[in-house]
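All of the numbers you see were taken from the coordinates with simple rules; none came from a lab. Being a predicted model, the structure only gives us computed values, none of them experimental. Glycine gets a Cβ as well: all are built from the backbone with ideal geometry, and neighbour counts include every protein chain shown.
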There are 2 protein chains.
Amino acid sequence: MAKASNRIYSHYTREALELFAALIREARLEKKMTAQELADRSGISRGLVQRIEKADPSCAIGSVFEVASILGLVLFDSDEHSLAEKRALAISKIALMPKSVRKTKREVDDDF
Amino acid sequence: MAKASNRIYSHYTREALELFAALIREARLEKKMTAQELADRSGISRGLVQRIEKADPSCAIGSVFEVASILGLVLFDSDEHSLAEKRALAISKIALMPKSVRKTKREVDDDF
DNA sequence: ATACAATGATCTATATATGAGTCATAAATT
DNA sequence: AATTTATGACTCATATATAGATCATTGTAT
């Protein structure tokens, strides 16, 4: 068996994973697609689709996003900006920031 | 080397991955956290943080979400409903749907 | 200008995710 | 009610992601 990997995840992470999994399964059923079909179209195995729909944290993020994409799920809630725009925006913002973080003696980071 | 896995991903998937990666790096720099620090707090290695920030599709989704969670990134844009609420909603919706998809002779699924 | 710490890149070894089956059960259509 | 397909659960073999180094370089701060 896959041994379930005894890693620990935050509550938030688990819930996000479970929501994502539920959205995927919901979309698949809505589109009346079998797990096998979805697997084929996504270029992965049926077993992996099953694990994705069970919110297995060890699945490759690329596979999960691809499945979501095939199902037409909207990632990162595109409201005003498109996905590409948001990406470009974030990247240009990063360009303006210090490229590496320097730990001075100034205690831990207290930015709140 | 990791051999980069020659899998193919949709354009949408790639952009989503890159946006996610950018948001993570941006948040880390904003919080003045070193890659090592983020790795420690997330329970992963620095190398993995690097790959995540480079939008490597093969990273485990659990690790990526955990990193995002540590950085306080909001997954699935919680507007009206909380993450948990959305999850519960999706799950109860699934419960009302047919549990398995049946392929009749009625051509492929033409739902558009 | 110098020092030092963080990053990026790369390598190796090990753990483990994934694909490819199989089987039993559940559930949808007839 | 009977049939047949999709699903869920499991096993095994193999590919590969990950941790854990090290080293060169870049960037920050003094």
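Brief remarks follow.
- Residues located in the stretch B:49-58, provided they are closer than 23 Å to residue A:44 by Cα and either among the polar types (S, T, N, Q) or more than 11 Å from chain A (Cβ to nearest Cβ) (or both): B:54, B:58
- Within the stretch B:39-95, helices (runs of 4 or more DSSP H) holding 1 or more residues that are more than 13 Å from DNA strand C (Cβ to nearest atom) and in contact (Cβ under 8 Å) with a residue 40 or more places away in the chain: B:61-70
- Unmet requirement for residue A:101, which otherwise passes all of (1) of a type in the set (A, V, I, L, M); (2) crowded, with 19+ Cβ neighbours inside 10 Å; (3) within 12 Å of DNA strand C (Cβ to nearest atom): (2)
- Test: residue in the stretch A:24-39 that is closer than 23 Å to residue B:8 by Cβ, within 14 Å of the chain's Cα centre (by Cα), more than 16 Å from DNA strand D (Cβ to nearest atom) and among the aliphatic types (A, V, I, L, M): no
- Some residue of the stretch B:63-78 being touching a Cys at 6+ places or on another chain (Cβ under 9 Å), within 8 Å of chain A (Cβ to nearest Cβ) and over 13 Å from residue A:21 (Cα atoms): no
- Residues that are surrounded by fewer than 18 Cβ atoms within 10 Å (Cβ to Cβ) and either more than 7 Å from chain A (Cβ to nearest Cβ) or in contact (Cβ under 8 Å) with a residue 24 or more places away in the chain (or both), drawn from the stretch B:10-38: B:11, B:30, B:31, B:36
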